[in-house]
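Encoded as structure tokens, the structure appears first; notes follow it.
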Amino acid sequence: MRRRLSGLTTSVAAFGLLGSLVTGCGSSDSDATTLRLVAPEYGAGPATTSKAYWDKLTTAFTAAHPGFKVEVTIHPWADIDRQVTRMVQDGNAPDVALMGAYSDFAAQGRLYAASEVMSVSTEANFLPPLAEAGSFDGDLYGLPFVASSRLLFYNEELFDEAGAKPPKTWSELKDAAQALKREGVLYPYALPLGPEEAHAEALIWELSNGGGYTDDNSGGYSIASEQNARTFRWIKDNLVVPALTGPVPPAELNRQDAFDAFLRGDVGMVNGYPSLLHEATAKGMKVGTLRMPVSDTLDVRETPPAAGVADWMMAFKHDGNRELVGSFLNFVYQDKNISEFAGRYHLLPSTVSATETSQYATDPSAEQFLSALRTARLYPVDDPSWLQVSDTIKRNIGKAVAPSADPKAVLEHIAQQARDATQQR
């Protein structure tokens, strides 16, 4: 997933974190004792910056591994993929990178497989859906760091005022949205198909109708499938045209704007993840969460998977760095370290043992996200073309629900660009 999970996009340039954050001494040149890590900023300002986490972790790591040093460079999420790609192209790849995709580098033979740098117990500890998504050609290259799943959030107070019921099907979602609109709710259902993270919202809807981005049999892209076309046609005819999605056209509504509106009390329903629940609870809002309502055409016994998202660590091959990289990764993925990061940003740990001891094991409201993640469908990040294809989806999928649009034609246009991207690989 190219998008970050935390939902916090404030540019770190605004508070001076674009440079390197250095633990210990040493130059930025790769050697057998200095590890270079490039990571994204998950925080929204100095109080929540990722710098504090990496400072603490790298200090502990170097104390436990005398003679090793770590240099950490943090970039905004909007820049991280481009920055790492540029470093690789310039022949200056870091030792370890954390970003939204990995398979392009794996296909180029630039990465260590997990089995080359991690202990057997550490590699076997990843949650199965994440390990599957992180595998390329049968080996694990994308090491899931933190993750999230998506659930439908609804404002319980607005629902009570409107006499609406939590929806389990699309038709019930439409009924609830109509009731909310009659009560003057600005966004009965917030539909963020703007370029920030449209590919997430689109996948949520596709899955709830038995579709998705890829074909279960061939594994290839199925963006313009008839099932997906019916999904966007339903959204257009039943939510957008009746003005149940708010004053901003879905193609222009970004996910963070939808979240902000939800926290202001202007949204009846929106798809969200754990950090939004934390923010809403902190504001004293009464929020209900449930699995995304399903298409009325699905068998009532079917339970489509939720949409899941993960961020990926990867280890680049350099002469003489294998031991250092292995020591660092095994340290990073200790329960206490991965749990601290996940808890700091209200995300889900990526390992089995960390999830068993995290807040989600004892918090019934938050445990829903972990339960959904166990069977979630993730983006096809194991396809080297996904980074390019996801960008195409984000920029174009919102057009499929415009009042004058032909959803099938829009999806076909995106599918053709996906085919072109795949052929270029």
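The values are calculated or read from the model by the stated rules, or taken from the named source; none is laboratory data. Please read these numbers as outputs of a predicted model, since none were measured by experiment. With ideal geometry, Cβ positions are generated from the backbone for all residues, glycine too; neighbour counts draw on all protein chains shown. Accessible surface is based on the protein model in full, side chains and every heavy atom, while ligands, DNA and RNA are left aside. Shrake-Rupley method; radii C 1.70, N 1.55, O 1.52, S 1.80 Å.
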Using protein chains only and a probe of 1.4 angstrom, how many square angstrom of Trp170 are accessible, to the nearest 10?
10 Å²
Whole-percent carbon and sulfur share, accessible surface of the chain, 1.4 Å:
49 percent
Working from Cα positions, state the angle (0 to 90°, nearest 10) between the long axis of helix 170-182 and the longest principal axis of the chain.
70 degrees
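Where both residues lie in the chain, what percent of DSSP beta bridges are antiparallel, nearest 5?
Values: 28 of 42 bridges.
Bridges in the chain are about 65 percent antiparallel.
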Using only Cα atoms, find the angle between the long axis of helix 386-396 and the longest principal axis of the chain, and express it within 0 to 90 degrees, rounded to the nearest 10.
30 degrees
Ranked by how many other beta carbons lie within 10 Å on average, peptides 206-214, 41-49, 72-80 from highest
206-214, 72-80, 41-49
Using the Cα centre as the reference, give the magnitude of the dipole from point charges on the C-beta atoms of the stretch 301-405 (Lys, Arg: +1; Asp, Glu: -1; all else neutral), rounded to the nearest 20 debye.
380 debye
Charges only on Cβ, +1 for Lys and Arg, -1 for Asp and Glu: so what's the dipole of the chain about the Cα centre, in debye to the nearest 20?
500 debye
With a point put 7 Å past each Cα toward its Cβ, work out how far Ala124 is from Lys168 in nm, to one decimal.
4.0 nm
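Among residues other than Leu173 whose Cβ falls under 13 Å from its Cβ, what is the net charge (Lys/Arg +1, Asp/Glu -1)? Please list the in-between numbers first.
On the way: positive: Lys165, Lys168, Lys174, Lys181, Arg291; negative: Glu172, Asp175, Asp296.
Local net charge: +2.
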Mean separation of Cα contacts under 8 Å (6+ apart) over length of the chain, as relative contact order %:
25 percent
Helix 335-344: inclination vs the chain longest Cα principal axis, degrees, rounded to 10, gives 50 degrees
Using just the helices of the chain, give the 222 nm mean residue ellipticity in deg cm²/dmol: DSSP H runs with n ≥ 4 each add -39,500 (n - 2.57), and the total is spread over all residues, rounded to 500.
-11500 deg cm²/dmol
Where in the stretch 152-192 does the label zone of Ala243 land, with the point 7 angstrom along Cα→C-beta and an amide N cut-off under 15 Å?
178-189
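On average, how much accessible surface per residue is there in the chain, in Å², for a 1.4 Å probe, leaving out ligands, DNA and RNA? Walk me through the intermediate numbers first.
Values: 16500 Å² over 425 residues.
Per residue, the chain has an accessible area of 39 Å².
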Members of Lys165/Lys236; Lys181/Lys283; Lys56/Lys283; Lys181/Lys408; Lys236/Lys399 lying beyond 18 Å, as alpha-carbon distances in this model show:
Lys165/Lys236; Lys181/Lys283; Lys56/Lys283; Lys181/Lys408
